[in-house]
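> Before anything else, here's the structure in question.
The values are calculated or read from the model by the stated rules, or taken from the named source; none is laboratory data. In this text, all values refer to a predicted model and were calculated from it rather than measured experimentally. FYI the Cβ positions are ideal-geometry reconstructions off the backbone, even for glycines, and counts take in every protein chain you see. Calculation scope for accessible area: heavy atoms of the full protein, side chains included, ligands and nucleic acids excluded. Shrake-Rupley method; radii C 1.70, N 1.55, O 1.52, S 1.80 Å.
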Amino acid sequence: MLEHSDLQAIRDIMKEEIGRSENLLKDIIKTEIGRSENLLKDIIKTEIGRSENLLKDIIKTEIGRSENLLKDIIKTEIGRSENLLKDIIKTEIGRSENLVLNEVDRVQENLETKMEQLKRNMDELTQYYRTVKLDHENNALFLQMIQEIKKEVNELKMKIA
């Protein structure tokens, strides 16, 4: 049989657990976003380095040829590298966004499930509390009736004696 203070303590514990879960989930999301950003930075640095090395090699090879041919090749390679980097960045950002959104959806579903379970538990506790309260009221009425009957029996004994 739970007292009001017990129910309050349960509520406080449940609030504390929910808060702790929310903070933990926030920390996980922040960590995953940071990791994703670092991964993107590393990919961008690698691709820029690769692109720069490719351009340096092409420029060294084409120096012997005419300046006009060299200018055309440089323009073409820079444009291709920029487009390639743009495509890679767009793809990686989209992939990272999808990963984060999927994780957020999963976390939200988990929280909603846990909140529904908590509501069911609270409903069950409320029903139990009501049942116990009615039980106490019935017992009190029953005891009162017994005492009244005892009093009447004693009165009858007194009359008989």
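> Given the Cα-Cα distance of N38 and N138 and 0.36 nm per residue of separation, how much length would full extension add, in nm?
Additional length available on full extension: 29.3 nm.
> Quantify how much of the Cα-Cα distance distribution of region 1-118 extends past 23 Å, in percent.
Working: 4023 of 6903 pairs.
I get 58 percent for the Cα pairs in region 1-118 exceeding 23 Å.
> Which ³J(HN,Hα) values in Hz, rounded to whole numbers, follow from the phi angles of region 125-135 under the Karplus curve 6.51 cos²θ - 1.76 cosθ + 1.60, where θ = phi - 60° and Gly and Pro get x?
With the stated coefficients, region 125-135 comes to 5, 5, 4, 4, 4, 4, 4, 5, 4, 5, 4 Hz.
> What spacing in nm lies between the two simple spin-label points modelled at M145 and E67, each 7 Å away from Cα in the Cβ direction?
Reported label-point gap for M145 and E67 is 11.5 nm.
> OK, next. Take the solvent-accessible surface of the protein heavy atoms, probe 1.4 Å, and return the percent of it on region 1-84 that carbon and sulfur atoms account for.
Details: 3640 of 6470 Å².
On region 1-84, the fraction of accessible area on carbon and sulfur atoms equals 56 percent.
> Evaluate the relative contact order of region 1-148 (contact order divided by residue number), counting alpha-carbon pairs under 8 angstrom at least 6 apart; express in whole percent.
Values: 27 pairs, mean separation 50.2, N = 148.
Rounded, it is 34 percent for region 1-148.
> Taking a cut-off of 16 Å, what percent of all Cα-Cα pairs in region 1-66 are separated by more than that? Walk me through the numbers on the way to the answer.
Details: 1541 of 2145 pairs.
So the pairs more than 16 Å apart make up 72 percent of the total in region 1-66.
> Accessible area per residue, 1.4 Å probe, Å², for region 96-161: what's the number? Don't skip to the answer; put the middle values down first.
Values: 6050 Å² over 66 residues.
Per residue, region 96-161 has 92 Å² of solvent-accessible surface.
> Pairs to check: K30/K90; K26/K119; K30/K86; K133/K157; K41/K75; K45/K71. Give those whose C-alpha atoms are more than 29 Å from each other in this structure.
Pairs exceeding the cut-off: K133/K157.
> Could you give the C-alpha radius of gyration of region 70-161 expressed as a fraction of 2.2 N^0.38 Å, taking N as the number of residues it contains?
Values: Rg = 39.3 Å, N = 92, 2.2 N^0.38 = 12.3 Å.
Against the empirical 2.2 N^0.38 Å value, I get 3.20 for region 70-161.
> Sticking with this structure for a sec: Stretched out fully, how many nm does the piece from L55 to E112 gain, at 0.36 nm a residue minus the Cα gap?
Numbers: separation 57, 0.36 × 57 = 20.52 nm, distance 5.30 nm.
The L55-E112 span can extend by a further 15.2 nm.
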